[in-house]
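Okay, structure first, notes after.
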Amino acid sequence: MDFQTHISIQNLSVSYGAQQALKNVTLDIPDRKITVIIGPSGCGKTTLLKSLNRLLDSVDGVKVEGQIFVDGEDIYDPKIEVTHIRKKMGLLSQKPQVLPMSIFDNVAYGPRLHNSPDKKKLSRIVEEHLRVAGLWDEVKDRLHEPASRLSVGQQQRLCLARGLAVEPEIILGDEPTSALDPQSSQNVERRLIELKSEYTVIVVTHILRQARRIADYLAFLYLGELVEHGPAAEVFAHPKDPRTRAYLTGEIS
Ligand code: ADP
Ligand code: MG
């Protein structure tokens with residue numbers, strides 16, 4: 001598999017006090033592909049994702065060592081502004097967190113904050129991103145209703161639209177379908193696959209079947225260690241490390 005590196009993680013170690021959550025992780029994440037990070041609960045998946053947009057900064061007692069380059073820029077360089085990094089990434093969390101406002105205003109929130117477009121332009125931006133998130137047809141007649149009235153599956157896609165509206169380059173998903181029913185999960189998975197033509201997508205999951213469905217590139221974390229990574233088809237077909245084999249066959253979970 002040929003690919004260009006978008007994010008380069010080098011010797012990343014993270015600890016929370018005495019607890020080491022990531023141990024010397026080195027990983028190149030391909031541009032405009034879906035990279036899936038798998039591994040059992042507690043192995044460091046969320047920590048790895050949070051390190052990518054500096055969400056660990058606000059955690060007390062956390063220590064981050066190593067380097068992460070996004071578009072060749074070291075995001076832990078003190079000269080770089082956190083907002084500059086975060087603007088490049090849209091985050092989909094485990095539970096969709098809609099803002100307590102209308103469907104329209106949820107999507108308009110970022111654009112209003114960053115570049116205050118006029119009314120007409122804003123409507124266009126909102127429609128465009130609701131379409132990309134696959135939600136437009138379901139909500140076009142109720143844009144000014146509170147977002148909280150949507151189903152959980154719709155809320156997750158609304159969060160995707162809100163994240164995309166700030167025009168990120170990278171989409172980070174932390175178990176983004178875990179609160180969803182199978183139909184909604186499929187919708188979100190389908191969206192992610194479509195989005196990879198324009199975005200670098202990184203998804204954390206502990207659902208192996210999901211990883212098989214969407215991953216181009218696969219990284220297996222176990223107890224804070226990056227055990228194996230490579231093109232998904234290769235890792236699934238010929239895992240090299242006995243721990244990867246054990247995880248893929250369900251012997252460890
Ligand atoms: P995963 O997402 O794979 O379940 P996490 O990255 O959430 O794993 O956690 C990795 C390890 O770090 C776990 O042992 C967890 O208990 C610990 N951990 C995570 N967040 C914190 C925190 N804020 N303070 C202390 N320990 C934490
Ligand atoms: Mg997690």
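None of the figures in this text is laboratory data; all of them are computed from the coordinates on show. What you are looking at is a predicted structure, and each value in this text was computed from that prediction instead of being measured. Here the Cβ is made from the backbone with ideal geometry for all residues, glycine too, and neighbour counts use every protein chain on show.
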Checklist outcome for this item: With DSSP loop assignment and no more than 11 other C-beta atoms within 10 Å, the trypsin sites (Lys or Arg not before Pro) in segment 38-110 are Lys79
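What fraction of the Cα pairs in segment 96-197, stated in percent, has a spacing above 20 angstrom?
Values: 1656 of 5151 pairs.
When every Cα pair of segment 96-197 is considered, 32 percent fall beyond 20 Å.
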Next on the checklist: Quick check: convex hull over the Cα atoms of segment 191-239, volume per residue in Å³, rounded to an integer?
Outcome noted: 84
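What translational diffusion coefficient, in µm²/s and rounded to a whole number, does the Stokes-Einstein relation yield for segment 1-52 at 25 °C and a viscosity of 0.890 mPa s, taking the hydrodynamic radius as the Kirkwood radius over Cα pairs?
Values: Rh = 12.1 Å.
Diffusion coefficient, whole number: 203 µm²/s.
Quick check: residue separation of Leu99 and Lys119 times 0.36 nm, minus the Cα distance between them. What number comes out in nm? Provide the component values of the computation, followed by the final result.
On the way: separation 20, 0.36 × 20 = 7.20 nm, distance 2.02 nm.
Stretched fully, the Leu99-Lys119 segment lengthens by 5.2 nm.
Name the trypsin sites (Lys or Arg not before Pro) in segment 189-252 that are in a loop by DSSP and that have at most 14 other C-beta atoms within 10 Å, would you? Don't skip to the answer; put the middle values down first.
Values: sites: Arg190, Arg191, Lys196, Arg209, Arg212, Arg213, Lys240, Arg243, Arg245; in loops: Lys196, Lys240.
Here the trypsin sites (Lys or Arg not before Pro) that fit, given the DSSP loop and packing criteria, are Lys240.
Can you tell me, using C-alpha contacts under 8 Å and at least 6 residues apart, the relative contact order of segment 210-253 as a whole percent? Please report the intermediate quantities before stating the final value.
Details: 42 pairs, mean separation 12.1, N = 44.
Reported as a whole number, the value is 27 percent.
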Checklist entry - With springs only between Cα atoms under 10 Å, which of Leu172, Leu122, Leu52 fluctuates most in a Gaussian network model of the chain? => result Leu122
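Over all distinct alpha-carbon pairs, what is the Kirkwood Rh of segment 96-147 in angstrom? The partial results should precede the final answer.
Details: mean 1/r = 0.0899 Å⁻¹.
It works out to 11.1 Å.
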Item to check | Acute angle (nearest 10 degrees) that the helix 103-115 long axis makes with the longest principal axis of the chain, alpha-carbon atoms | outcome: 80
Checklist entry - How far is helix 152-165 tilted off the main Cα axis of the chain, in degrees rounded to 10, range 0 to 90? => result 90
Checklist entry - Given a cut-off of under 8 Å on Cα pairs at least six residues apart, what relative contact order in percent is computed for segment 35-113? => result 19
Next on the checklist: Using only Cα atoms and rounding to the nearest 10 degrees, what angle (0 to 90) does helix 119-132 make with the longest principal axis of the chain?
Outcome noted: 40
Item to check | Taking the chain and dividing mean pair separation by its residue count, relative contact order in percent (alpha carbons under 8 Å, at least six apart) | outcome: 27
Item to check | Approximate shape of segment 1-125 as ellipsoid semi-axes (Cα gyration tensor, √5λ), whole Å, largest first | outcome: 30, 18, 16
Next on the checklist: Longer than 27 Å from Cα to Cα, which of Lys87/Lys121; Lys23/Lys196; Lys121/Lys196; Lys119/Lys196 are they? Say none if no pair is.
Outcome noted: Lys23/Lys196; Lys119/Lys196
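Subtracting the Cα-Cα distance from 0.36 nm times the residue separation, let me have the gained length for Ser8 to Ala246 in nm, one decimal.
82.9 nm
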Checklist outcome for this item: Of the convex hull enclosing the alpha-carbon atoms of the chain, the direction-averaged projected area in nm² is 13.9
